[in-house]
1. Could you order D120, D205 by accessible surface area, starting with the largest, using a probe radius of 1.4 Å?
2. What dipole magnitude, in Debye to the nearest 20, does the stretch 92-210 give about its Cα centre under +1 on Lys/Arg Cβ and -1 on Asp/Glu Cβ?
3. For the chain, what's the relative contact order in percent, using C-alpha pairs closer than 8 Å and at least 6 residues apart?
4. Place a +1 charge on the Cβ of each Lys and Arg in the stretch 250-366 and a -1 charge on the Cβ of each Asp and Glu, then give the dipole magnitude about the Cα centre in debye, rounded to the nearest 20.
5. Once the piece of chain linking A75 and T329 is laid out straight, how much longer is it, given 0.36 nm per residue of separation minus the C-alpha distance between them?
6. Over the stretch 250-366, what is the mean sequence separation of C-alpha contacts under 8 Å (at least six apart), divided by residue count, expressed as relative contact order in percent?
7. For the stretch 1-140, with only Lys/Arg (+1) and Asp/Glu (-1) charged at the beta-carbon, what is the dipole magnitude about the Cα centre, in debye rounded to 20?
8. Ratio to report: Rg/Rh of the stretch 313-353, with Cα atoms as the point set and Rh obtained by the Kirkwood method; give two decimals.
Amino acid sequence: MADFPPTRAAALDRLAAFAPRAGRDYAARRNLDLPGHADVSRLSPWLRHRLITEDEVLAEVLRHHSPQAADKFIAEVFWRTYWKGWLELRPAVWSQYWAGLEAALNRVQSEGGLRRDWADACAGRTGIDCFDHWAQELAATGYLHNHARMWFASIWIFTLRLPWELGADFFLRHLLDGDPASNTLSWRWVGGIQTPGKTYLARPDNIETFTAGRFRPAGLAAHAPPLAAPPAPGPRGLPAPDPFLPGPTQGLLLTEEDLAPDWLFDAGLTPVATATLLATDARSPLATAPQVIGWARAAMADCTTRHAGRLGPVTPTGTVDDIVTWAATAGLSEIVTPHIPTGPTARRLEGLDAALAGEGIAFTPITRPLDARAWPRATHGFFRFREAIPELLGQIRGWRLI
Ligand SMILES: Cc1cc2nc3c(=O)[nH]c(=O)nc-3n(C[C@H](O)[C@H](O)[C@H](O)COP(=O)(O)OP(=O)(O)OC[C@H]3O[C@@H](n4cnc5c(N)ncnc54)[C@H](O)[C@@H]3O)c2cc1C
């Protein structure tokens, strides 16, 4: 956690230091997994909780580089947007993952061999030195380089032959940037479920090259046959996003999904009261790592402290009932919240709109303009989505071509 102070100020410092290197340097060196990870931004914990937003990161990078020079970095940031949109269009895939995870955890209870192999993999005790190193690095720091995540997931699935859902869950419990869309869909991609038939095989020579000779594992699987899985449902139509309309008795609900309500204030939101809700413990049926829970809690505190003058009284809540009681007590007619995407927070808040409606209180999630434009484009693969990037970049406020 020392490398990722949970404040917006730290995110802005990291962005300022990294943006000059987000062009050709990043394109040339981003796949290297070296100690300290200086060749990548390591902005993901802040982006995931939106202590800093994708728009801000892209705008700052484009102050230093042309879109062509920063092409690789821009594409990576849009991978995040793409995965969010893809899952928003198919929320059933999150439910499928969760059901598969519960089934795998049941198997762990009854199959001693599986339980031992799973525990060894999570503890970094497999005897595969790189894999053990990454398991321990993840538990210690809450972060792994993208290439290490790919190799780790591939070895988990194809060499150790463990259920992929248990690996995705291990990541989600330990990553400071643990995200239901990027994580679930990346694990599905490695296993050949996301892009049917196309798997990712971790190769010893590739690991040796991109860890600068630190590792050359023996005994890795030489083949990566795609995992069997039901086909993904087709994309649903997203409802037209609600426009934000300021009103006199509005409250604000803040969750760990989006801690940047500034643009709502700019648009005229003046909440009479604010509630906070953290669902970090709901990222897994097992215990989420204390440092992940602590990070999200501190990030929320950073947000409410920075905006203290605009929030009204702030009330921590934990359940739908808490929120309904808070809203009724505060005399609210409407709760506004930055959109809560598919995942643990949305699951915790299932039934909230109906419960509020019963009290005559409106519930209005507001989708950010960039997400509203981008998500409906995530109907197919990334390469089709990518065609929209120039148009999406054009929408980002503050962007100037230099
Ligand atoms: C198996 C697996 C699991 C993953 N789980 C997560 C997760 O839970 N949360 C998460 O944020 N990312 C996840 N990723 C994507 C990626 O590994 C991380 O976003 C990235 O490593 C974060 O480090 P960075 O900020 O230094 O990235 P940079 O290379 O500096 O990229 C800048 C930003 O772009 C976004 N980004 C970069 N690469 C990707 C990618 N492949 N997919 C989606 N967004 C990307 C991130 O927001 C990142 O902060 C996963 C990838 C794999 C292969």
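1. Sorted descending by solvent-accessible area, the residues read D205, D120.
2. Numbers: 10 positive and 13 negative charges, 56 e Å.
Around 260 debye, computed over the stretch 92-210.
3. Computed over the chain, the figure is 21 percent.
4. On the way: 6 positive and 13 negative charges, 48 e Å.
In total the dipole reaches around 240 debye.
5. Values: separation 254, 0.36 × 254 = 91.44 nm, distance 4.57 nm.
So the extension gain works out to 86.9 nm.
6. On the way: 177 pairs, mean separation 39.9, N = 117.
Here the relative contact order equals 34 percent.
7. On the way: 18 positive and 19 negative charges, 48 e Å.
Value, rounded to 20: 240 debye.
8. Values: Rg = 10.6 Å, Rh = 11.1 Å.
Value, to two decimals: 0.95.
The values are calculated or read from the model by the stated rules, or taken from the named source; none is laboratory data. In this text the structure is predicted, and so the values were computed from the model without any measurement. With ideal geometry, Cβ positions are generated from the backbone for all residues, glycine too; neighbour counts draw on all protein chains shown. Surface areas here come from the heavy atoms of the whole protein model, side chains and all, with no ligands, DNA or RNA. Shrake-Rupley method; radii C 1.70, N 1.55, O 1.52, S 1.80 Å.
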